[in-house]
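Below: the structure, in structure tokens.
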Amino acid sequence: MKISLNWVNEFVDIADFLTKPRELADVLVTAGLEVEQIENPGETFHHVVVGRIVELGRHPNADKLTLCQVDTGEKIHRQIICGAKNHRQGDKVVVATPGAVLPGDFAIKISKIRDVESQGMLCSESELGFKDESEGILLLPADAPVGESFANYWGLDDVLFDISITPNRADCLSHLGLAREISCLLNRPLKPFSVRTPKKMSSKRNLVSVEVLDTDLCQRYCGRSVFGVKIGPSPAWLRQRLESLGVNSVNNAVDVTNYVMLELGQPLHAFDLARLRGDQMRGDKNAAPKITVVRATANEKFKTFDGTELTLSGEELTIRDSERAVALAGVIGGLNSGVSETTQDIFLESASFSQKGVRRTSRRHAIETDSSYRFSRGVDVDATLEAMNRACQLLSEVAGGEPATDFVDVYPNPAKRPQIWVRRQTLSDRLGYPVDMADFLGVLKRLQCHVKETAKGAGQDQVTVEPPSFRVDLEIEMDLVEEYGRLNGYDKIPETFPILRERPSDHAESYVHEEVLREQLVREGFFEARNYAFLNSKWQTEFIDQAAFAKSGLELGGAPVAVRNPLSEETGTMRLSLVPGLVGNLLHNEHRGVHYGRLFEIGRVFVKADSPDAPYREPHRLAFMVWGHEQGLWQKPDHPVVFDLKSAITTLVEHLNGRIEIRKMDSPSFLHPGQSATLFYEGRVIGFFGSLHPLVRERHKIRSDVAIAEIDLTALMRGQPRTSKIKPISKFPSVERDFSLVVRDSVTAGELVRETEKAAGELLQAVVVFDVFRGAGVPEGCQSVSIRLTLQDFNATLSEDSLKVLTQNVLHRLGQKFDAKVRT
């Protein structure tokens, strides 16, 4: 939230901090209000002044340019060339003189345009950074003082704080609220603030009646009619103050409601009184409008003021006239009742709506407004009437409105502030140092709390405290303990190390396993990704194949688990797999020119279970995303990246003292059917890997080669950690034997290796497939697979006879199993 220090200074004296705002920021940060940025708009407009066009002529070498002589308060006039069409002789303008640097790092200097010197620039609102586009230069009022700094004239001689307000400190979401906080922190008094009665009140009575039916969602509703308003642009002071804080000026009526919200923290809404309908069903066409505050009708259509049509569920609180909804309470107004250029009479709303109700409506329809932001955190119910009267005062001043003599204030159940019992012993125990009760009472006074002694003479030990209405976060004793600790200074809390009476518990086994995997994968050149467990349902469906996942040992449990109250459609379901999140990471990188990457993610997925006692399970998964090849002088890769992924998985499993097997099975539909397989580990399938399907790459405009894998982490880490088995090096030489076997195309190299290992027995030290050939000399439908056996005996040198027997056993077994024949 942006805060103007000049505005805050109207409520509490901080003039000494206007030249040293960093010191004030440090005070706020120490108290828990993070100042994210400090802006000084005046510094942006050095060498920018108010000028007057004293002479206007044509550029001698360009028909569309004007040649202006401009008075900037100096002894001589400046010659400036301008391309705009909306200025005349005598106009007051904004002049950027040489040396100025405008927003966008646009430096102004003396230059020649079509052989004629220009000594500055006449500025438009877009060039000053006020708007994205503007049709001509900014023209100032006739009374603008020539030569004055534009920053001073435009009210930019200010310091702005961008403050991050935590959800519990809704009282600081206004300039008055922050002034109260600063007053408390610096122990400085607040300046008197009161709402003045408008000089001219209407003789008309308030025309609108109000009925609140759902009092659980609307605690208080105030309203007042303002007659005879003249809708138009806001005066400069109002427009400038709003725009400096990033709020666009709309018109004087809407600007007043925004101004009061920023000033006092109370959101307001202005209805066009003529567009509110009365109860005409009784035959009276001139029936006075009636406002009803009630929940919406299920499936009712409502069009917001920006033209968006919503379908209401029936849980939203609406503001209704006699026929239809005219606003979503606390969120947004309707197109059918908003203030327009033809508005003459206004009905002004100031209310206190339920935090939960506003937050639920805002999230359901994905509408975030300044109003919903404040209501969902809590507003001061006691300030509702004051804020309405303040807005009426301003409408009278800037729009010529005349407020009605009476008003509506529906407040059926006045709020009761909690009575909090606080003991000195609790303060000392929780903060870790002795608390002086006099200091504590002083802090409560600065907080504007009402303090009552529980009994005569007991005030030194325990008190009953009633917090002010604007501090909705102070509800229990611990809240006041925290406030005292915060305001007294966190630095006064002593540092103590907890006494360890028992041995600390061991790390969870899953955590230890994850750390082992992270260490190894980072060593292999991977980066870890951490994605949200919430996903868009449609996006997730594209990368989910229930049948293929089940065959790969990854149970999904049917449809994804829906989030009951999602923040948006993008977070509507819990993830069934880690793959969709990693694909999102891939797209983010690919579309930003990063065509090489190695990512892994360790996390849980969420699936439905059959048990009524435990309807959901959270399987532990490990997933990989590999794309592109690293480019360099010596790197000339010409192989699919799926082989890089296979190598990484194999290396990882070997590090765990295990062995992974690659087996061909039906792979998920988003993978290439000829470049994908399942992972077999210790008697069971635990996952899959493969190249991303070319159609998927084309659909998402992915240029790089991509490979993906997902593994059941629980199955992979079963029995970990495993100790390495060490055996002595044999004294006897090893022997290698090579075979080229002709087998059917359906026989995989992995199957040949497994059967060879079974046939060769303990003498086999290694078996490697070093060639696969199809072509001349090999029958159609078959392939030639060449394997190399490394054989060694730890007790004696292998004889030719024993080698012959062993090789015959291997060839016999392969012949029986796969009809394999030695290629000649």
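Condition first: surrounded by 20 or more Cβ atoms within 10 Å (Cβ to Cβ), touching a Pro at 6+ places or on another chain (Cβ under 6 Å) and part of a loop (DSSP other than H, G, I, E, B). Now tell me which residues in segment 205-243 satisfy that.
Once the filter is applied, which keeps residues that are surrounded by 20 or more Cβ atoms within 10 Å (Cβ to Cβ), touching a Pro at 6+ places or on another chain (Cβ under 6 Å) and part of a loop (DSSP other than H, G, I, E, B), segment 205-243 yields only V208.
Using the structure shown, decide if V146 is at pLDDT 90 or above, out of contact with any helix residue (DSSP H, G or I) (no Cβ under 8 Å at 6 or more places or on another chain) and among the β-branched types (V, I, T).
yes
Failed condition for H588, given (1) assigned to a loop (DSSP other than H, G, I, E, B); (2) open to solvent by 90 Å² or more (accessible area, probe 1.4 Å); (3) under 30 Å from A559 (Cβ atoms), with all others met?
Every condition holds for H588 apart from (1).
I'd like the residue in segment 64-118 that is of a type in the set (K, R) and farther than 14 Å from V49 by Cα and, out of all such residues, is modelled with the lowest pLDDT.
Going through segment 64-118, the residues of a type in the set (K, R) turn out to be 64, 75, 78, 85, 88, 92, 109, 112, 114.
Now drop any that are not farther than 14 Å from V49 by Cα, which leaves 64, 75, 85, 88, 109, 112, 114.
Working: K64: 89, K75: 84, K85: 89, R88: 92, K109: 93, K112: 92, R114: 90.
Filtering segment 64-118 for residues that are of a type in the set (K, R) and farther than 14 Å from V49 by Cα, the one modelled with the lowest pLDDT comes out as K75.
Residues that are hydrophobic (A, V, I, L, M, F, W, C) and either under 30 Å from N488 (Cα atoms) or touching an Asp or Glu at 6+ places or on another chain (Cβ under 6 Å) (or both): find the strands (runs of 3 or more DSSP E) completely inside segment 1-94 holding 3 or more of those.
Those strands (runs of 3 or more DSSP E) span 48-59.
Please pick out the residue among V641, V607, V594 that is open to solvent by 30 Å² or more (accessible area, probe 1.4 Å), hydrophobic (A, V, I, L, M, F, W, C) and closer than 25 Å to S676 by Cα. Before you say what the answer is, go through the steps one by one.
On the way: V641 fails: open to solvent by 30 Å² or more (accessible area, probe 1.4 Å); V607 fails: open to solvent by 30 Å² or more (accessible area, probe 1.4 Å).
Only one candidate passes the filter, namely V594.
Could you please give the count of residues in segment 41-59 that are surrounded by 18 or more Cβ atoms within 10 Å (Cβ to Cβ) and small (G, A, S)?
2
So that you can scan it fast, the table gives a plain yes or no per residue for (1) within 22 Å of V696 (Cβ to Cβ); (2) more than 20 Å from the chain's Cα centre (by Cα):
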position	(1), (2)
A547	yes, yes
A550	yes, yes
G581	yes, no
F606	no, yes
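Report, ordered by the first and then the second residue, all pairs with beta carbons closer than 7 Å, sequence separation of six or more or different chains, a first member in segment 706-727 that is over 29 Å from N589 (Cβ atoms), and a second member that is among the β-branched types (V, I, T).
Pairs that qualify, where the first residue is over 29 Å from N589 (Cβ atoms) and the partner is among the β-branched types (V, I, T), are A715/I686.
Among the residues of segment 60-102 satisfying the criterion of being under 44 Å from the mean Cα position of the chain (by Cα) and open to solvent by 60 Å² or more (accessible area, probe 1.4 Å), which is farthest from D143 (Cα to Cα)?
Within segment 60-102, the match that is farthest from D143 (Cα to Cα) is V101.
Could you tell me whether any residue of segment 53-71 is under 18 Å from F130 (Cβ atoms) and not small (G, A, S)? Before the answer, list the steps.
The initial filter retains those residues of segment 53-71 that are under 18 Å from F130 (Cβ atoms), namely none.
No, there is no match, as no residue in segment 53-71 is under 18 Å from F130 (Cβ atoms) and not small (G, A, S).
Considering (1) assigned to a strand (DSSP E or B); (2) open to solvent by 20 Å² or more (accessible area, probe 1.4 Å); (3) closer than 24 Å to V379 by Cα, say which one G246 fails and leave the rest.
If we test G246 against (1) assigned to a strand (DSSP E or B); (2) open to solvent by 20 Å² or more (accessible area, probe 1.4 Å); (3) closer than 24 Å to V379 by Cα, just (1) comes out false.
May I ask you to list pairs of residues, at least six apart or on different chains, whose Cβ atoms are under 6 Å apart, with the first in segment 352-375 being closer than 18 Å to N258 by Cα and the second being open to solvent by less than 70 Å² (accessible area, probe 1.4 Å) and basic (K, R)?
As it stands, the answer is S352/R220, since those pairs meet every condition given.
Pick from L67, L56: which is touching a Cys at 6+ places or on another chain (Cβ under 7 Å) and within 20 Å of V116 (Cα to Cα)?
Working: L67 fails: touching a Cys at 6+ places or on another chain (Cβ under 7 Å).
None of the others qualify; the one that does is L56.
Please verify whether segment 792-807 includes one or more residues that are surrounded by 11 or more Cβ atoms within 10 Å (Cβ to Cβ), among the aliphatic types (A, V, I, L, M) and under 58 Å from the mean Cα position of the chain (by Cα).
No, segment 792-807 contains no residue that is surrounded by 11 or more Cβ atoms within 10 Å (Cβ to Cβ), among the aliphatic types (A, V, I, L, M) and under 58 Å from the mean Cα position of the chain (by Cα).
Pairs under 9 Å by beta carbon, first residue in contact (Cβ under 8 Å) with a residue 60 or more places away in the chain in segment 523-538, partner in a loop (DSSP other than H, G, I, E, B) and surrounded by fewer than 16 Cβ atoms within 10 Å (Cβ to Cβ), six or more apart or different chains?
G525/E630
Give all pairs with beta carbons closer than 6 Å in which a residue from segment 213-231 that is at positive phi meets a residue that is open to solvent by 30 Å² or more (accessible area, probe 1.4 Å); count only pairs at least 6 apart in sequence or on separate chains.
Close Cβ pairs (under 6 Å, with a partner that is open to solvent by 30 Å² or more (accessible area, probe 1.4 Å)) amount to G228/E402.
What are the pairs with Cβ atoms under 9 angstrom where one residue, in segment 763-784, is at positive phi and open to solvent by less than 70 Å² (accessible area, probe 1.4 Å) and the other, located anywhere, is assigned to a strand (DSSP E or B) and not acidic (D, E)? Sequence gap at least six, or different chains.
Correct list of pairs: G775/S784; G781/R744.
For segment 719-759, what are the residues that are among the basic types (K, R), open to solvent by less than 80 Å² (accessible area, probe 1.4 Å) and under 30 Å from E509 (Cα atoms)?
Hit for segment 719-759 is R722, nothing else.
The values are calculated or read from the model by the stated rules, or taken from the named source; none is laboratory data. Because the structure is a prediction, the values reported are computed rather than measured. Using ideal geometry, Cβ is built from the backbone for each residue, glycine included, and neighbour counts are taken over all protein chains shown. The protein model used for the area step is the full one, side chains on, heavy atoms only, and it has no ligands, DNA or RNA in it. Shrake-Rupley method; radii C 1.70, N 1.55, O 1.52, S 1.80 Å.
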